[in-house]
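Peer 1: Let me begin by handing over the structure; questions about it come next.
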There are 2 protein chains.
Amino acid sequence: MNRNHQWLYAKQPTGRIGPDTFQWHETALPAAKAGEVLVKTRMLSLDPANRAWMMGKTYRDALEPGQVMSGFTIGQVMESHAEGFAPGDIVEGDWGWQEYAAMPAGRLVKRTSKAPLELLVGPLSVTGLTAYFGLLEIGQPKPGDTVLVSAAAGAVGTMVGQIARLSGCRVVGTAGGQDKCDWLVRELGFDAAIDYKAGGVRRAIAAACPNGVDVYFDNTGGPVLDAALSLMNLRGRIACCGNVSQYDVEKPAPGPMMVPGLVVTKRLRLEGFIVMDFYDRRAEAEARLARWVADGKIKAIVDIVEGLDKAPQALIGLFEGANRGKRAVRVA
Amino acid sequence: MNRNHQWLYAKQPTGRIGPDTFQWHETALPAAKAGEVLVKTRMLSLDPANRAWMMGKTYRDALEPGQVMSGFTIGQVMESHAEGFAPGDIVEGDWGWQEYAAMPAGRLVKRTSKAPLELLVGPLSVTGLTAYFGLLEIGQPKPGDTVLVSAAAGAVGTMVGQIARLSGCRVVGTAGGQDKCDWLVRELGFDAAIDYKAGGVRRAIAAACPNGVDVYFDNTGGPVLDAALSLMNLRGRIACCGNVSQYDVEKPAPGPMMVPGLVVTKRLRLEGFIVMDFYDRRAEAEARLARWVADGKIKAIVDIVEGLDKAPQALIGLFEGANRGKRAVRVA
């Protein structure tokens, strides 16, 4: 094997992403220089943020057509020209949708956990940490609080709901379709789950939250955010994690009417965060997540798609709600 | 004098408030019962919130047509049937737009400050405290930060700007009309002021804030909030104090498009507050404000309208931007 296969980001989508957003590309195996490491991709994380990067500068530069599609990755060191890395090491980084990459050592993090890669790509890594810090640090739930989470059946939502349950909260989620909702209640211990596609989402959330909402973990923006705002209790906290309802659309919906009016009268706090902001406490949080999973207190839900060639369709499916839990591609 | 004159709240406005929103009414002088105090109104505070109360439940019940128009008041005790109050005492409360009221003692606060009533009705009381706690506690400015404040020439805005200047910040305000803007810079020490009515408000704010905005004190919502959101620095704070651009209109504008998208990517915090939430620290804050005013470090700007009969027109004027600083009505 001395060829490298890649998916390039081909062109900016105008509406939903499709197969022509990406282009398959074959190139030479990259060479690692001094200070670099040659890595072989094992797992490729698929995240709603991948879509947001196509639309402009976010917390990182916008994607440029022609570049290798970006994405969080886990791989194995093949060859090292950098101190601290040796062949066989498991590393994570952001080298994108390709089989191999030559990466500067400073852009890699070595993983020493013995957990399966399926867990290291999500529940015990970025998505688990996103749920952990977003809920506990930004949302600040107290026992007895009602916690609402949108995209509850997704990678972050499944973790948020279970951590909220462990925190002694009433947990209500929104998801697309009754099947997912039933599954959230039956398998993950949600107190209630609401199919946002069934209509009447505000009324349904109100009925499921008879004491109002103290913490709303917002993965979606859009109509669920509007509904949540109107149901927040005094001094409620909204952890703004994502806006996935607006990523894969041609024309974004208007902003929430109740901002800032209701924010004032109810003394609400909306706060955005990026998981990397909390990486100084990463080890502590990962250890806690790993223990919860090992003890069976949290189910780590993963949805693994086999083969790099399936990556575009797997990301498209993410915006169609095809996944439950963390979706990732096993590359090798 | 054994008659009491009042302004009743006559009917809910559909668009802007007008003279027919209120109705002049004469009634008998009220009698104070046991536990009550007869107060004579000296000053009546006019606040944008007066308008918001007409539209529905906020942090207090909505106004009902037929009731005496509500408003923050300062008065003098005429007759006391309650412990702790004696004729001549200066008290504050919320007995509304009338010359006299019989008030339960528990709903009055005795003022012992020797400051003139013109200052006690605003800069050294509710509006000063709103600026103080909203800026310092919610906005958390650090020396060198850029602080933007909307409705900067108003009761709260004039105080916010000056407290921000004392905190070592670059201070930029928005106001209606070039005259007010020039005045903010010349008289109150703002680094820059922008006429939001002149158009191009986002570009003008951007030019006045070359290092971006760290703290936005939002009195208005609307287009200035939209512009501010797009110019906030990473981890910027927005203190949500009011939404005055949307109070006196028939149809509120859409919500801010950049919520929650930009809140996430920039890790912004939007937080609403009501000054009463901080009243456990009221004495400390009032003493500090009084010292700043006494030392000439802050100019307390008041705009006193003479006579209760002028109250409706004075409130209407508030939404036309007729005032500079704290507008109040001297009743007696």
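The values are calculated or read from the model by the stated rules, or taken from the named source; none is laboratory data. Worth saying up front: this structure is predicted, and the values here are computed from it rather than measured. Note that we place each Cβ from the backbone using ideal geometry, even for glycine, and neighbour counts take in every protein chain shown.
Peer 1: Any residue in region B:76-88 that is surrounded by 12 or more Cβ atoms within 10 Å (Cβ to Cβ), within 22 Å of the chain's Cα centre (by Cα) and modelled with pLDDT of 95 or more?
Peer 2: No, every residue in region B:76-88 fails to be surrounded by 12 or more Cβ atoms within 10 Å (Cβ to Cβ), within 22 Å of the chain's Cα centre (by Cα) and modelled with pLDDT of 95 or more.
Peer 1: Those residues that are closer than 19 Å to A:Asp195 by Cα, of a type in the set (Gly, Ala, Ser), buried (at least 24 other Cβ atoms within 10 Å of the Cβ) and more than 7 Å from every other protein chain (Cβ to nearest Cβ), I need them from region A:215-262; list them, please.
Peer 2: Matches in region A:215-262: A:Ala227, A:Ala228.
Peer 1: Would you mention how many residues in region A:53-63 are in contact (Cβ under 8 Å) with a residue 24 or more places away in the chain and facing chain B (nearest Cβ under 10 Å)?
Peer 2: 2
Peer 1: Scan region A:38-52 for residues that are within 22 Å of A:Lys110 (Cβ to Cβ) and either within 14 Å of another protein chain (Cβ to nearest Cβ) or without any contact (Cβ under 8 Å) to a residue 24 or more places away in the chain (or both) and jot them down.
Peer 2: Matches in region A:38-52: A:Asp47 only.
Peer 1: Let me ask you something else. Residues in region B:183-199: is at least one at pLDDT below 95 and assigned by TED's automatic domain parsing to the domain that holds B:Ala131?
Peer 2: yes
Peer 1: Can you pull out every residue in region A:299-319 that is within 21 Å of A:Pro123 (Cα to Cα) and charged (D, E, K, R)?
Peer 2: A:Lys299, A:Asp303, A:Glu306 - these are the residues of region A:299-319 that are within 21 Å of A:Pro123 (Cα to Cα) and charged (D, E, K, R).
A quick yes/no check of all residues on (1) surrounded by fewer than 24 Cβ atoms within 10 Å (Cβ to Cβ); (2) of a type in the set (S, T, N, Q); (3) over 11 Å from the mean Cα position of the chain (by Cα):
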{"position": "A:Leu119", "(1), (2), (3)": "yes, no, yes"}
{"position": "A:Thr127", "(1), (2), (3)": "no, yes, no"}
{"position": "A:Ala131", "(1), (2), (3)": "no, no, no"}
{"position": "A:Leu135", "(1), (2), (3)": "no, no, yes"}
{"position": "A:Gly144", "(1), (2), (3)": "yes, no, yes"}
{"position": "A:Val147", "(1), (2), (3)": "no, no, yes"}
{"position": "A:Ala151", "(1), (2), (3)": "no, no, no"}
{"position": "A:Val156", "(1), (2), (3)": "no, no, no"}
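Peer 1: Regarding A:Asp94, is this residue surrounded by 14 or more Cβ atoms within 10 Å (Cβ to Cβ) and out of contact with any strand residue (DSSP E or B) (no Cβ under 6 Å at 6 or more places or on another chain)?
Peer 2: Answer is yes for this residue.
Peer 1: Can you tell me which of (1) in contact with a Phe, Trp or Tyr (Cβ under 9 Å, 6 or more places away or on another chain); (2) within 13 Å of another protein chain (Cβ to nearest Cβ) is the one A:Ala193 doesn't meet?
Peer 2: (2) is the only condition that A:Ala193 fails.
Peer 1: Here's a follow-up. State the number of residues belonging to region A:222-258 that are more than 17 Å from A:Ala151 (Cα to Cα) and of a type outside the set (Asp, Glu).
Peer 2: Going through region A:222-258 one residue at a time, the tally reaches 16.
Peer 1: Mind checking which residues of region A:13-41 are in a loop (DSSP other than H, G, I, E, B) and of a type outside the set (S, T, N, Q)?
Peer 2: Matches in region A:13-41: A:Pro13, A:Gly15, A:Arg16, A:Ile17, A:Gly18, A:Leu29, A:Pro30, A:Ala31, A:Ala32, A:Lys33, A:Ala34, A:Gly35.
Peer 1: Turning to a different aspect of this structure: Which condition number in (1) more than 15 Å from A:Leu117 (Cα to Cα); (2) part of a strand (DSSP E or B) is the one that A:Asp303 fails?
Peer 2: For A:Asp303, the failing item is (1).
Peer 1: Hey, another quick one. Restricting to region B:64-111, give me the number of residues that are in a loop (DSSP other than H, G, I, E, B) and in contact (Cβ under 8 Å) with a residue 12 or more places away in the chain.
Peer 2: 21
Peer 1: What is the number of the single condition among (1) at pLDDT 95 or above; (2) in the same structural domain as B:Val149 (by TED's automatic domain parsing) that B:Ile316 does not meet?
Peer 2: All conditions pass for B:Ile316, except number (2).
Peer 1: Here is a further query. Restricting to region B:250-267, give me the number of residues that are modelled with pLDDT of 90 or more and of a type in the set (D, E, K, R).
Peer 2: Residues that pass the stated criteria total 2.
Peer 1: Considering only residues that are polar (S, T, N, Q) and either touching a helix residue (DSSP H, G or I) at 6+ places or on another chain (Cβ under 6 Å) or surrounded by 22 or more Cβ atoms within 10 Å (Cβ to Cβ) (or both), which ones fall in region A:22-53?
Peer 2: A:Thr41, A:Ser45, A:Asn50
Peer 1: A follow-up question, please. Just checking, does region B:263-284 include any residue being at positive phi and in contact with a helix residue (DSSP H, G or I) (Cβ under 7 Å, 6 or more places away or on another chain)?
Peer 2: yes
Peer 1: Do we have B:Ala153 as in the same structural domain as B:Glu187 (by TED's automatic domain parsing) and in contact with a Leu (Cβ under 7 Å, 6 or more places away or on another chain) here?
Peer 2: Criteria met by B:Ala153.
Peer 1: Every residue in region B:263-307 that is within 14 Å of another protein chain (Cβ to nearest Cβ), aliphatic (A, V, I, L, M) and surrounded by fewer than 20 Cβ atoms within 10 Å (Cβ to Cβ), please.
Peer 2: Correct list: B:Met276 only.
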